[in-house]
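Below: the structure, in structure tokens.
The values are calculated or read from the model by the stated rules, or taken from the named source; none is laboratory data. Computed from a prediction, not measured in an experiment: that's the story for all the values here. Heads up, the Cβs are rebuilt from the backbone with ideal geometry, glycines too, and the neighbour counts pull from every protein chain shown. Ligands, DNA and RNA are excluded from the accessible area calculation, which covers all protein heavy atoms including side chains. Shrake-Rupley method; radii C 1.70, N 1.55, O 1.52, S 1.80 Å.
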Amino acid sequence: MTTPHRPLGFWSATALVVGSMIGSGTFLLPATLAPYGAATLVGWAITLCGALLLAVTFARLARRWPQTGGPYVFARNAFGELPGFVVAWSYWISMWCAIAAIAVAFAGSIGAIFPSLTGTPVRAAGCGLVALWLCAGVNLAGLREAGRVQLLTTVLKVVPLLLFGLVALWFVDTRHYVPFNPSGESLGSVAAATVALTLWAMIGLEAATVPAGSVDDAPRTVARATVAGTAIAGIATVLACTTVLGLLPADVLARSSAPMADAAAALWGPAAGVLLAVVMAVSCVGALNGWTLLAAQLPMAAARDGVLPRAFARENARGAPAFGVIVSCLLASVLVISNYNRSLVDLFRFSVLLSTAATLLPYLAGAAAWLWRGDGRGSRLAAAGALAFSLYALGGIGTEALLWGAGLVLAGLPIYFWLRRR
């Protein structure tokens, strides 16, 4: 049961976590991971362990501070206003970058169903933008409606994804896993690179902490939803992505804009490929809906504290932070349009790394916050592991994405000091 003022219950909160994590990454990652072969399992193992440590840490933080804002609130309460602003700004950047990446992935799934719709870069970008603004409309209709769409789309993608992974596992050709590391790089370098990519599939584990003020019995519900959602999404994602690597040759996967759909088509015929592409499209819509919700809720919380411009705190007649929804989707649209001439896989990879780089700062701040202000030897040990994992993942992001991320974060500082002067 949920109260009228707190429309999100346990299942909606869990769906927000699972739906935000299982989006484009699960369906497109096999293409970006193909050059590393079976060695990606090393990266997956590190990422899954790190994600669970982060989930435990954020669950404890949500029990301590069950307020809307998630990582921003944790950083502000633990370290002060300026660190809180930097985390809020960085996390918000990661959100609209994620929206852009998922919109690109949606275009890839539509291309597998209707190739003519994505036959040119302009058409592909247009498909992604349509889905992006459709989800913006859902969120403008109110938090309860967005929560219902999230629950529905999560069920529609998790069940088929698990079935695909379990059934397709029996058709894996182990020769596609040989050699174990076809990249020619050292195993350590491969692990660092694949952790940066596979972490994209785990981003969203903190999703339930962001709208905590709208969650029923937030201290208990958010903590449970965070851990349960991370475990469900992690198992489904690793199973599906690893299975696809064993179904198609690496060179075929690397060129695919919908590798899971292509794998299903190779196994069971074109109809199966179309069905998986439909599931991917639904998955992307669910993830777009979830990230659009988060991209408005977080700046709303910061604006109420005076850390971001007050416009982000304004709500429309349906109680939705309309300004945050519109601005976040506009920035995501600019990112898609400004890079439309890249291939879908290249644009997806760039958006993923940029979003991951911007997300790691909130992860670092959250782990450090519990180490600084938390209690309990076990939970603080988990926070130390989460901090070490986040630092390790940051090292594998790459220079281009790190420079872009640092530049975007620094660009926000004038806004902070302008607000302080006012």
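Side notes on the structure shown:
- Against the list (1) closer than 22 Å to residue 308 by Cβ; (2) modelled with pLDDT of 85 or more; (3) open to solvent by 100 Å² or more (accessible area, probe 1.4 Å); (4) not aliphatic (A, V, I, L, M), the condition residue 404 fails is (2).
- Members of segment 232-247 that are among the hydrophobic types (A, V, I, L, M, F, W, C) and buried (at least 22 other Cβ atoms within 10 Å of the Cβ): 233, 236, 240, 241, 244, 245, 247
- Across segment 84-93, not a single residue is classified as at pLDDT 85 or above, over 16 Å from the mean Cα position of the chain (by Cα) and among the polar types (S, T, N, Q).
- Of residues in segment 304-324 being among the hydrophobic types (A, V, I, L, M, F, W, C) and under 26 Å from residue 15 (Cα atoms), the one surrounded by the fewest Cβ atoms within 10 Å (Cβ to Cβ): 317
So that you can scan it fast, the table gives a plain yes or no per residue for (1) surrounded by fewer than 21 Cβ atoms within 10 Å (Cβ to Cβ); (2) out of contact with any helix residue (DSSP H, G or I) (no Cβ under 8 Å at 6 or more places or on another chain); (3) more than 30 Å from residue 65 (Cβ to Cβ); (4) of a type outside the set (Val, Ile, Thr):
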residue: 166; (1), (2), (3), (4): yes, no, yes, yes
residue: 182; (1), (2), (3), (4): yes, no, yes, yes
residue: 195; (1), (2), (3), (4): no, no, no, no
residue: 208; (1), (2), (3), (4): no, no, no, yes
residue: 218; (1), (2), (3), (4): no, no, no, yes
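- Checked against (1) surrounded by fewer than 21 Cβ atoms within 10 Å (Cβ to Cβ); (2) within 30 Å of residue 277 (Cβ to Cβ); (3) in contact with a Lys or Arg (Cβ under 9 Å, 6 or more places away or on another chain), residue 107 passes all but condition (1).
- Selection from segment 368-415 of residues that are over 18 Å from residue 83 (Cα atoms), outside any helix (DSSP H, G or I) and of a type outside the set (Val, Ile, Thr): 375, 376, 396, 398
- Any pair with Cβ under 7 angstrom, 6 or more apart, that starts in segment 201-215 at a residue that is part of a helix (DSSP H, G or I) and ends at one that is aromatic (Phe, Trp, Tyr): 209/58
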